[in-house]
Each structure stands twice: as C-alpha cells, then as structure tokens.
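Right, one structure below, let's go through it.
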Amino acid sequence: MWDYSSLFLSTLTPKFYVALTGTSSLISGLILIFEWWYFRKYGTSFIEQVSINHISPWINGNDNQSETSSSNGIANGTIANGTTLSSPGQNGNGNAAGQQVPECKVWRNPLNLFRGAEYQRFFWATNKEPLTYYDMNLSAQDHQTFFTCEGDAGKAEYEIMQTAWRERNPMVRTKAAHKALEVNVDCAPAYILLAEEEATTIIEAEKILKTALKVAETNYRKSQCNQHQGVIAEGMHRRDTNVLIYVKRRLAMCARKLGKLKEASKMLRDLTKEIPSIMNVLNIHENLIETLLEMQAYVDCQAVLAKYDDISLPKSATICYTAALLKARAVADKFSPDIASKRGLSPAEMSAVEAIHRAVEFNPHVPKYLLETKPLILPPEHILKRGDSEALAYAFFHLNHWKNVEGALNLLHCTWEGTFRMLPYPLERGHLFYPYPTCTECADRELLPTFHEVSVYPKKELPFFILFTAGLCSFTALLALLTHQYPEPMGMVAQSVLNWISMPFHIIRERLEAVWPVNLFQQLSRV
C-alpha cells in the first residue's frame, strides 16, 4: 500500500498541483464571500451557527433540547421599551440564526424641532438635508393617523389635508394648507402644517399655533356634544382631541424656546394630566423634565421623574440619564477620582455611579455626545430607543443641563466606561435591562442623515471562521500563483510536504509490522 502511494505521488505533474491549489482557492473564496454576506446581514458566522446548533447536538445528544426550547419560548415573547421579536438572526441569548431577535420599534421624538423655523434654517446655512425621507414619511403617517378620520369623507378641506401630509415637496404641502383654509377657515390641521413648515421663526410658529388653538378648542367643543351619536362622531371627537393636545404641546414648546419657562412648565403639567391615546405617543413628561431642568427646579424634576421611572413603564434616555444627573448633582462638585480610588466611594457616590452605569447600559451612545468627543447634529423627528438617534435627541437638548451641574461631566467621564466591564460578552444577557438589540444600526441609518457617522454598539468583531477562511483563501491563492510560475520547484515542494506528513504513518506501519505477523495485512487486504 505504501509503495502504491509513493508511486501515485511520483506520477503527479505540476499541472495537477496548479489545478488543485486553484480549485481550493476558488472554493475557499466562495465560502469567504458567503460567510461575509451572512455576517453583515445577521451579525454571526453561518459555519459557527451550524456547528453549534446541528453538529454539536448530534454529537452530544439531545440533552439540552428542553433547555433550548425553554429559552426560545422566552425569546419569542414581547420585550419592553418598544422592541418586539420578529426578524431572523441572532437573538438575545446568543442562539442561532433562523430564530427571532428584537425588531426595533421607532418612536416619535418628544422634542422634535419645527421644520420651517429650525430644520429649514439649518438647510439654508449648510445646504445639507437634516431629515431623511424615511423620517419625514413616518411623520406623515403620524399626522394622517391623528389628524384625520372617517368622518372627513366629503369634506373638501380635510380631503386636501389628507393628501397634503403625503406630499414630498414642502411648497406643495404649504400650498395645500392654504387651499384648505380657503375652503374652511376653521381647518385646524392646516394651521398645524403652516406652523410646522411655513413659519421661519419660533415667534411666527407661536402666532399661527395660537390661531390654531382657538379653532381647535371650538371644534373640540362641537364634537364633544356629538361624540355619542355613532362611530363616525366618536372618530371626529377623537381627531379633534388629538389636534387640541398637539397644538397645546407645540405652544408649550414654543414658550420653552422663547424663554417663557414658567408658562411652558404650567402648560406641560396640565397636559400630563390628560389621558387620551395620543399621550402615549407624545411622551409629554419628557418635555416637562427638560423644561424643569432648564429652570433648575431639581426638586420638581425629581418628583416628575419618580412618577415615570417605574419598573412597569418603558424607559428612555431622558428617564435614565436624568436620574443619573440628579444623583450626580449631590456629589459631583466634590468628586475626585484620585481620592475616591484611595478611600473608596461613599454611599452617595456609589449611588451616583450606579445610576450612570444604569443609564449607559440603557443607551451607550449618549456619553460621547455629552463629553463632546463626537459632534452633535440636529435630532430627527423619530428616534430609536437605545439607539444613536435617541442619544442625539437627548444630548442635543440636555448637554447644557449637564454643564450646569458642576462636576457632573467629570463624574460621567471617570465612570461611564466601567459599565462595559460589568456586562457579559458577548451580550447574551443584560445586567439591568434586556440585552442590547443588534438591529439598531440599520434603523438608525434610515433615521439619520448620510453626513452623520452612525454610532454602533457593540462593535461587530469578525468571527473566527471568517478570518480562517480569509487566510485559507489567501494561502491557497498564493500557492496557485507560485505553482503556475514555478511548476517544477513547487511540485517538488508539494511532494516533500506530503512525504513529510505521511512519514509518521509510515513509521507506525513499520512498528506494527515488527510486532504483528507478516501476513496479517495481506489477510486484511483480502477481506
């Protein structure tokens, strides 16, 4: 048998080695391309997942099947904070692709800017579009949902507004709003559109919104009397309620921007007492928290925060980081990392550090913006909780509040990176929250403009099999090139390598022949 193998190796030509290495390079290259595509799409290695989920259970038996089913049962539920499990890929427990992972839910930004008075002025100054079409399309859907109803059928002014929200050109939208007012001067949604997009200053927007408020209150009283006269009447009353609350909220935001803080806080406090369904979308308590921080009314802010920072309620960057700021305020002015490292942290300092760790675990993108190591841009109209878009929206409005608290940014700088040492890696589970969703990057790229560099966490490290396949592909391609250029020397090298690899087996064969009978191998070969 050894003689036959030696004869076979001696008869191989250089063309065989060229074909062998070229074919190996091609196959490994195709595997590398597929692995890279799968990793970019699902964030995990296909070969690794197949080995873990199909080969390992087959080798080790089905002892872990019940545990896997149990963990999948938990993963297929609904996650708080606006995420639901639906898309294929890697789930929170680090299980295989093909199972389900959190699908990112987009929320309306409670502190969204005015398009005409703020976003449009940014475009005039920089010639850069601050909003993406995807973001504006979501806003159009919101406006259609809350500012239209079935009872608008046959009413020309409301039918005009239904189409106006969907128009891409802002000039067309504003012309449609003016046309709707020509048909009916009491069309409140038309005033909203003009205040949002045509007004070029906050003062102009406030003036239009005050007119809209009078119209909205009149329409609300009319529909309130008829709300029990059928489904259509109830829909019209719900629409008028949404319009009234929206206008009041935007007026409060105008007052906040114009420095009328007491007026803004009073309007926002009154709005937080409302209970219609639109309140769950607007998150007006975040506007109130930001206004109270600007007033430096920290006691009132703590009272509002205590009401909404509940385990049963969805969290946000505003909730978590405001809680950290208020706790840091008590110790930040006297905090010194050198002294703390020598004597240890006091109970108050420990509480502040834990609050910072909690906030950073919820949204790890915020500290870079607060510490100004990454530039801010105008926030989008919609945000992704725990994503870069939410971090931008929070830091854009709250950076000054952190600067107003002496030492708060220093405490954040010294402690925020310690959060990542407390979290397991890979992120198969969280410490205080659910594992960080892996789908935030794609959604943030849709919400944020192209000139902004999207912050990504956690950084996707290349799996071992991608690196191994890349090395194998490069090595075999190099061998194919050398064999093509120098066929005879490479043939001799290949034959020497094969002889060197087969030498241990030859030695073992000689030892066995010395111990076993001579004719044993002949009898085995006959069998």
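The values are calculated or read from the model by the stated rules, or taken from the named source; none is laboratory data. Treat the numbers as computed from the prediction; the structure is a model and nothing was measured. Counting neighbours? That spans all protein chains shown, and the Cβs are built from the backbone with ideal geometry, glycine included. Just the protein is used for accessible areas: all its heavy atoms, side chains included, with ligands, DNA and RNA removed. Shrake-Rupley method; radii C 1.70, N 1.55, O 1.52, S 1.80 Å.
Mind checking which aspartates and glutamates have their Cα closer than 15 Å to the Cα of residue 315? Skip sequence neighbours fewer than 8 apart in that chain. Residue 315 reaches 286, 361, 390. Counting only protein heavy atoms and a 1.4 Å probe, segment 104-237 has 51 square angstrom of accessible area per residue. Heavy atoms of the protein chains alone define the surface here; on that basis segment 242-328 has 40 Å² accessible area per residue at 1.4 Å probe size.
In this simple spin-label model, placing a label point 7 Å from the Cα along the Cα-to-Cβ direction at both residue 351 and residue 262 gives a separation of 3.1 nm. Each label point was placed 7 Å from the Cα along the Cα-to-Cβ direction; for residue 503 and residue 227 their separation is 9.2 nm.
With a threshold of 26 Å on the Cα-Cα distance, the over-threshold entries among 262/374; 207/260; 175/260 are 262/374; 175/260. Computed with every protein chain present, the accessible area of residue 310 is close to 60 Å² [probe 1.4 Å]. Judged by the gyration tensor of its Cα atoms, with axes a ≥ b ≥ c, segment 200-329 is oblate; a/c meets the 1.5 cut and b/c is at least as large as a/b. For a 30 Å ceiling on Cα separation, which of these pairs sit above it: 273/385; 248/307; 179/266? From 273/385; 248/307; 179/266, over 30 Å: 179/266.
Backbone amide hydrogens, once placed in the peptide plane, bring residue 382 within less than 5 Å of 109, excluding anything fewer than 5 places away on its chain.
Fully extending the segment from residue 514 to residue 169 would add 115.1 nm, taking 0.36 nm per residue of separation and subtracting the current Cα-Cα distance. Taking 0.36 nm per residue of separation and subtracting the current Cα-Cα distance, fully stretching the chain between residue 272 and residue 484 would add 68.6 nm. Rg of the Cα atoms in segment 316-379, relative to 2.2 N^0.38 Å, amounts to 1.22. Surface listing: 106, 331 arranged by accessible area from highest to lowest gives 106, 331, probe 1.4 Å.
Residue order by solvent-accessible surface for 31, 311 is 311, 31, largest first, with ligands and nucleic acids left out and a 1.4 Å probe. Solvent-accessible area assigned to carbon and sulfur over segment 100-241 amounts to 52 percent, based on a 1.4 Å probe. Here segment 337-440 has 55 percent of its accessible surface on carbon and sulfur atoms, given a 1.4 Å probe and all protein chains in place.
At a probe radius of 1.4 angstrom, the accessible area of segment 354-417 per residue rounds to 30 square angstrom.
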